[in-house]
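Okay, structure first, notes after.
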Amino acid sequence: MKAPAYSKDLGLLVIRLGIGLMFICHGIPKLSGGPEGWESLARFALPFLPAGYLAVAFGFAAMAAALGGGLLLVAGKYHRSACLALAVTMAVAFSTKLESVSGFHNFADKAGWPLELLIVSVALLVTGPGRYALDRE
């Protein structure tokens, strides 16, 4: 049985909406953290960063990628740029979670979610937004 022509685009819409909303949910608390929260976020993820404006800028970038990237995913606007920003952010998040992994038995629990979101972000980057998006391809 052949799938309807619109099924791929509908599937991409469902993934974009679901993952985009989850990124928005992760970004809102980061937004409300303000500069102190952004600095703390950046220094946790990138401990080599000195305290101050540089750390605040990196933390702001992580918050903007999660919140803004989620909004753009939902809309299907600037899709590939949003997916690239989300993939980079998730790669950094994944690297910070790796230190808490003590073996195969707890990998998924400790570091699974950022790796899963990294994989989905890269997959969406490659596939594009689909037909049901503001940036149709």
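Values quoted throughout were computed directly from the atomic coordinates according to the rules given, and no laboratory measurement underlies them. Owing to the predicted nature of the structure, the values given are computational and were not obtained by experimental measurement. Neighbour counts run over all protein chains shown; Cβ positions are idealised from the backbone, glycine included.
Being exposed (fewer than 14 other Cβ atoms within 10 Å of the Cβ) and in contact (Cβ under 8 Å) with a residue 24 or more places away in the chain is true for just one of 134, 86, 117, 72. Which residue is that? Residue meeting the stated conditions: 134.
Condition check: assigned to a helix (DSSP H, G or I) and surrounded by 20 or more Cβ atoms within 10 Å (Cβ to Cβ). Does residue 61 satisfy that?
No; evaluated as a whole, the condition is false for this residue.
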